[in-house]
Amino acid sequence: MLSAMEAAKTSIEFESYIYAASPIGGRFREGLVGACGRGVRVRVLIDSFGSITLPDSFWYRLRKAGGEMRWFNPLTLRRFNIRNHRKLLICDQHVAFVGGFNIAREWEGDGLTRGWRDLGLQLEGTLARELSASFDEMFARADFKHKRFIRLRRRPTKPLASEPAGQLLLSGPGRGRSPIKQALGKDLLQARTVQIIAAYFLPPLRLRRALMQVARRGGRVQLILPGKSDVPLIRLAARSLYQRLLRAGVEIHEYQPQILHTKLVVMDAVVYAGSSNLDTRSLNINYELLVRLTHDRAVAEARNIFAEHLSHCQQVHRLLWRKSRSIWNKAKERWAYLFFAKLDPYVARWQWQSMR
């Protein structure tokens, strides 16, 4: 990403959920400032909630150099639950990077001996231009003062004529039915092998049933979920689903070395990667993006990434799991589930409706 910024000639568009005043944060800022000095148009969009500890003064040098920086959804109690969870960098509308990565100290390690485990994807061509157009839309409405913000048009979800073949899926409040959920649901109907790495796993009932149906009809479903999490409560909520999934034949593995933040789905000859988790917040509340790829090389690479993650996991066995569950464990997991699956979406819907 730093090399791409250094090579940029006309434009840089950068979007992040978490950005910290850290050594890597300083390097990225200096890269952006340096691009401004070369005459490159630089625009930065940072989520105000995700980066709540980052002072606005951090961007003084960028603005002084001619760059533009905006906070997405400036903090207010009326809409604090509406968040832009997307992460992307686009240079010259030609090369783009998407994934789960943020710009903070936690992402400076290898995910094995130190730092969080995560995944990024480099794209070129048509998908990069589509991402640039999506950035323009979000940047123009970042302050939430435009009434038209709630009528964000749904971006096309038809396959794009890029190489590797790909499809950009965008979701968020005001975009209608989530194309991410629709695409996942459609692919699951015919899937025979499903491999998922999810940092936060709390899919809606329809997707959970679809996963279990794959296993019940003789397919293989493998989940890699966190053994360690930066949000212990969401891990408890996910564990409330384990018993039913295991009973249906779904394999569950927990990643052990470090905190898991990867977002990856591989189904037969299809790959999904991007910012979206498979939880209620990502699929129903946040602004998110996933890229759906069908290129053989991308699928093969994704399977290798899954296998490498799997080599650092501990499998959850059905009988041992059932015996380990105390009433107190189940109660904690149930309350966590109700918080993330019911209360959080309710508050977000109420805040969104109040903005109309």
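The values are calculated or read from the model by the stated rules, or taken from the named source; none is laboratory data. All figures in this text were calculated on a predicted structure; none of them were measured in a lab. Neighbour counts run over all protein chains shown; Cβ positions are idealised from the backbone, glycine included. Please note that ligands, DNA and RNA were not included when accessible areas were found on the heavy atoms of the full protein model with its side chains. Shrake-Rupley method; radii C 1.70, N 1.55, O 1.52, S 1.80 Å.
Hey, does the stretch 278-285 have a residue that's acidic (D, E), modelled with pLDDT under 95 and over 21 Å from the mean Cα position of the chain (by Cα)?
No, there is no match, as no residue in the stretch 278-285 is acidic (D, E), modelled with pLDDT under 95 and over 21 Å from the mean Cα position of the chain (by Cα).
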* Within the stretch 315-328, can you find the residues that are touching a residue at least 12 places away in the same chain (Cβ under 8 Å), of a type outside the set (A, V, I, L, M, F, W, C) and either part of a helix (DSSP H, G or I) or exposed (fewer than 11 other Cβ atoms within 10 Å of the Cβ) (or both)? -> R318, R322
* Structure fact -> Selection over the stretch 329-346 where residues are farther than 26 Å from G227 by Cβ and either at pLDDT 85 or above or open to solvent by less than 40 Å² (accessible area, probe 1.4 Å) (or both) yields a count of 1
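For the condition surrounded by fewer than 21 Cβ atoms within 10 Å (Cβ to Cβ) and touching a His at 6+ places or on another chain (Cβ under 9 Å), what is the one hit in L75, L62, L112?
L112
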* **Residue check, R209 assigned to a helix (DSSP H, G or I), open to solvent by 40 Å² or more (accessible area, probe 1.4 Å) and at pLDDT 95 or above** => yes
* Asked: If you check S171 against the conditions, is it of a type in the set (S, T, Y), at pLDDT below 95 and open to solvent by less than 10 Å² (accessible area, probe 1.4 Å)?
  -> yes
* To do: Only residues that are open to solvent by 20 Å² or more (accessible area, probe 1.4 Å) and free of Cβ contacts under 8 Å to residues at least 60 places away in the same chain: list them for the stretch 297-314, please.
  => A300, E301, N304, A307, E308, S311
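Would you please name the residue that is farthest from L2 (Cα to Cα), looking only at residues in the stretch 108-133 that are among the polar types (S, T, N, Q) and under 19 Å from the mean Cα position of the chain (by Cα)? Show your work before the answer.
Residues of the stretch 108-133 that are among the polar types (S, T, N, Q), as a first pass: 113, 122, 126, 132.
Keeping just the survivors that are under 19 Å from the mean Cα position of the chain (by Cα) gives 122, 132.
Details: Q122: 13, S132: 18 Å.
The residue in question is S132.
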* Asked: Of all residues in the stretch 52-79, which are over 20 Å from A140 (Cβ atoms), of a type in the set (G, A, S) and not in a helix (DSSP H, G or I)?
  -> A65
* Could you say which residue among V42, V33 is modelled with pLDDT of 95 or more, open to solvent by less than 10 Å² (accessible area, probe 1.4 Å), of a type in the set (V, I, T) and over 21 Å from the mean Cα position of the chain (by Cα)? -> V42
